[in-house]
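Enquirer: I am attaching a structure below and will ask some questions about it afterwards.
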Amino acid sequence: MKKLLIVILCLCLCLPAAFAEETAESKSRIGIISAMENEVKLLLSEAEIERTDTIGGVNFHVGTLCGQNVVIAKAGIGKVLSAAGTATMLNRYPVSYLIFTGIAGGVGDETKVMDMVIGTKLVQHDYGNQNQDGFEWSSAYNEADGYYTCDDDLVRLAYEAAKEVVGEKHVFKGVIATGDQFVASGTYVKYLQDQFDALACEMEGASVAAVCEQFGIPYVIIRCMSDKADGKAYETYENFGDTAADNSGRIVRKMLKGLEGKQ
């Protein structure tokens, strides 16, 4: 009987903590994800972090930012890590919207270094068949036409926020091409323009989009151009990468204020 009372007492002591954790996790949150540390550094410095959960080697920072409940994570570079990080975030936390923030290479002729591109559609430019004639892009292994579509409301909100941060003439909307390569080739830039009408290229957006669509979560991908993805891309990235990342973060802050009351 004594042992039974001890077991019941232990359960009573554990239940409040378990209930509190369950209650906390029931809060709807806005997910913010990036590939690199500098892409979330500004946001983490201004957020009120309640706790940090480490899952699969990725730190998920849970707290508030600009009055919104958020969970922020740096998933890592490339499609595999970004997809894994996004899937973990959406599976573990009650995310209502997801924002991917970061930097990219400018592909459109009209886009310049430090301009913003708000993704309307995402495509995997390295997705297809390698045959005797070389690489052939294909949507055969993807549903529909091979493109993923960002949420219209989030795109509008991101576009308006970006105009306030960097000015209207520096903000563009369009296709972002994703692949597991850092592009530093004028020839390949021309291919991305001709094949996809892309304005930017990077290494995570389409994989994040694919996972969000599987989970049915509205999302948007926002990118500040750190380089022009040409022969000088590495040099330009080194000079402007951190500043471009901060600009993208400032736009996320504006977006959070615009999402007030919509979680």
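The values are calculated or read from the model by the stated rules, or taken from the named source; none is laboratory data. What you are looking at is a predicted structure, and each value in this text was computed from that prediction instead of being measured. We place every Cβ from the backbone using ideal geometry, glycine too, and count neighbours over all the protein chains shown. Each accessible area value is taken on the protein alone, full model and side chains, heavy atoms only, with ligands, DNA and RNA left out. Shrake-Rupley method; radii C 1.70, N 1.55, O 1.52, S 1.80 Å.
Enquirer: Only one residue in V62, V71 is within 20 Å of G102 (Cα to Cα), in contact (Cβ under 8 Å) with a residue 40 or more places away in the chain and crowded, with 17+ Cβ neighbours inside 10 Å. Which one?
Expert: V71
Enquirer: If you don't mind, another one. Among the candidates M89, M114, single out the residue that is open to solvent by less than 50 Å² (accessible area, probe 1.4 Å), more than 28 Å from I217 (Cβ to Cβ) and in contact with a strand residue (DSSP E or B) (Cβ under 9 Å, 6 or more places away or on another chain).
Expert: Selected residue: M114, the only one of M89, M114 that is open to solvent by less than 50 Å² (accessible area, probe 1.4 Å), more than 28 Å from I217 (Cβ to Cβ) and in contact with a strand residue (DSSP E or B) (Cβ under 9 Å, 6 or more places away or on another chain).
Enquirer: Okay, next question. Quick one: is G105 at pLDDT below 90 and not in a loop (DSSP other than H, G, I, E, B)?
Expert: Answer is yes for this residue.
Enquirer: OK, next. Do the conditions hold for G56, that is, is it on the phi > 0 side of the Ramachandran plot, touching a residue at least 60 places away in the same chain (Cβ under 8 Å) and either of a type in the set (S, T, Y) or surrounded by fewer than 15 Cβ atoms within 10 Å (Cβ to Cβ) (or both)?
Expert: Judged against the criteria, G56 is not a match.
Enquirer: Further question: Taking into account only those residues within the stretch 38-49 that are open to solvent by 70 Å² or more (accessible area, probe 1.4 Å) and in contact (Cβ under 8 Å) with a residue 24 or more places away in the chain, which is farthest from S248 (Cα to Cα)?
Expert: Ranking the qualifying residues of the stretch 38-49, first place goes to E46.
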